[in-house]
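K.L.:
Let me begin by handing over the structure; questions about it come next.
Since every read-out is calculated from the coordinates, none of them should be taken as a lab result. From a predicted model like this one, the values you see are computed outputs, not experimental measurements. Note: ideal-geometry Cβ built from the backbone for every residue, glycine included; neighbour counts use all protein chains shown.
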Amino acid sequence: MRKILITAAAAAMLAASLAQAQPQPAPQPAPVTPAPAQPAPGDAPADPGAALVKDRCTMCHDTDIIAASPRPAAAWGDLVASMVRRGAQLNDDEKAQVVAYLAKTYSTPAGT
Ligand code: HEC
């Protein structure tokens with residue numbers, strides 16, 4: 001009888017200590033959701049080539065002359081080079097940006 005009581009007490013203590021040993025859930029850090037960097041509508045960076053054309057190609061004539069003389073995309077490099085020979089102020093980087101912009105904006109459809 002006595003032995004049973006001891007065993008019961010031991011079992012109770014064991015149960016109690018097991019209950020205490022329950023791991024506490026670790027506090028979860030609040031999830032950090034960085035705000036996505038979204039450009040405001042209409043905030044698209046202006047084409048640097050477009051700004052250069054407006055700035056450097058209007059010394060001698062309007063930009064209308066460009067729209068009035070479309071050419072194949074591959075021909076804009078020569079045109080810009082000839083304008084630089086006339087006096088357009090463009091370094092090599094700027095020339096490349098202008099040519100890319102003109103080719104994208106004023107080219108005749110491919111194959112014509
Ligand atoms: C220093 C003066 C000057 C500057 C700067 C200048 N142009 Fe011209 N451009 C001219 C003159 C002069 C003509 C007309 C003579 C001719 O047609 O050959 C002309 C003609 C043109 C024409 C029509 C002629 C053709 O061959 O189709 C285009 C297109 C043109 N320019 C584009 C540009 C662009 C693009 C720029 C800037 C990169 C530019 N120009 C800057 C002097 C200039």
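K.L.:
Could you tally the net charge around Ala103, taking each other residue with its Cβ under 14 Å from the Cβ of Ala103, Lys/Arg +1 and Asp/Glu -1? Kindly include the intermediate steps, with their values, before the conclusion.
P.N.:
Details: positive: Arg71, Lys95, Lys104; negative: Asp47, Asp78.
Computed value for this residue: +1.
K.L.:
In what sequence do Val98, Val53, Val32 fall when counting other Cβ within 10 Å, fewest first?
P.N.:
Val32, Val53, Val98
K.L.:
For a quick protection proxy, order the peptides 57-63, 69-75 by their average other-Cβ count within 10 Å, most packed first.
P.N.:
69-75, 57-63
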